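Comments concern the structure below.
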Amino acid sequence: QVQLVESGGGLVQAGGSLRLSCAASGRTFSNYPMAWFRQPPGKERLFVAAITSNGGSTYYSDSVKGRFTISRDITKNTVYLQMNSLKPEDTAVYYCAARLFGVAYTGAEYGYWGQGTQVTVSS
């Protein structure tokens, strides 16, 4: 129903920046509430940020608030995660997720996922 294609992961030094992109496409729906989650090695997948379908509202976990910015280009149906002031503890596999109605804060509430992209922050 919807496909998510991620890009932008990589290796950066602490204090650096990285921008992740996630393009959503589907036959029926063009826009969805979307979110970013991350999964550090050996840990559960955790909420990072979310954005409403029209981009009017954004939500962040306390650990990234002030450093990360989620945004979207509605015409391109693409969501971005601008990550600044990166820390080694930000190292994780980052996943883009989408659901039909409304933002949510747990991975179980999202029905569509990207493949994940590795973000590694060196000290």
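The set of residues from region 47-77 being closer than 22 Å to Gly15 by Cβ and either open to solvent by less than 90 Å² (accessible area, probe 1.4 Å) or of a type in the set (A, V, I, L, M) (or both) comprises Val48, Ala49, Tyr60, Ser61, Ser63, Val64, Gly66, Arg67, Phe68, Thr69, Ile70, Ser71. Residue count for region 1-29 satisfying the condition of being closer than 18 Å to Asp73 by Cα and in contact with a strand residue (DSSP E or B) (Cβ under 8 Å, 6 or more places away or on another chain): 16.
Among the residues making up region 5-30, those that are aliphatic (A, V, I, L, M) and either part of a strand (DSSP E or B) or free of Cβ contacts under 8 Å to residues at least 12 places away in the same chain (or both) are Val5, Leu11, Val12, Leu18, Leu20, Ala23, Ala24. Might you check whether a residue that is part of a loop (DSSP other than H, G, I, E, B), within 15 Å of Val121 (Cα to Cα) and open to solvent by 60 Å² or more (accessible area, probe 1.4 Å) occurs anywhere in region 31-44? So far as region 31-44 goes, yes, one or more of its residues are part of a loop (DSSP other than H, G, I, E, B), within 15 Å of Val121 (Cα to Cα) and open to solvent by 60 Å² or more (accessible area, probe 1.4 Å).
The values are calculated or read from the model by the stated rules, or taken from the named source; none is laboratory data. Here the structure is a predicted model, which means the values were calculated and not measured. A quick note on method: Cβ atoms are made from the backbone with ideal geometry, for glycine too, and the neighbour counts reach across all protein chains shown. In case anyone asks, the SASA skips ligands and DNA or RNA and just uses the protein heavy atoms, side chains included. Shrake-Rupley method; radii C 1.70, N 1.55, O 1.52, S 1.80 Å.
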